[in-house]
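The values are calculated or read from the model by the stated rules, or taken from the named source; none is laboratory data. Values in this document were obtained by computation on a predicted structure and should not be read as measured data. Cβ sites come from the backbone with ideal geometry, for glycine too, and all protein chains shown count toward neighbours.
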Amino acid sequence: MNVVFGWRTRYERLDGGREVRARCPECEREADLYECVAKRNFNLFLVLDVLDTESRVFVCSACGAAIDPDELTVLTEGARDATHVARPVRPAVDDREIDRELAAMKKKLRKR
């Protein structure tokens, strides 16, 4: 069992609140800023782990999306544009599977 807790802040726009165009001090972009009410509350949850799974994925550094390795197409080394697309990434294989594949190939070659 896990205990999860923390502060959460929610922002609700005020009816009739002010709206200004200014530079945001966080992202430093010019944007519309809206007058809001900030509501803070403390949450406490008891969490029971019922199911636990694990898998390998690739995570995009730009947006954080998780991508299945079987669906991934990688760029060739040194290339950074989508015109140089290489083969899909093959999942890791254990030594026993490689040995079975080699034995099957040798068997095929002997039949010829």
Quick check on my filter: what residues within the range 12-49 are among the aromatic types (Phe, Trp, Tyr) and surrounded by 10 or more Cβ atoms within 10 Å (Cβ to Cβ)? TYR34
Is it the case that some residue within the range 51-58 is in contact (Cβ under 8 Å) with a residue 40 or more places away in the chain and aromatic (Phe, Trp, Tyr)? no
For VAL37: the one exception among (1) at pLDDT below 80; (2) closer than 30 Å to LEU14 by Cα: (1)
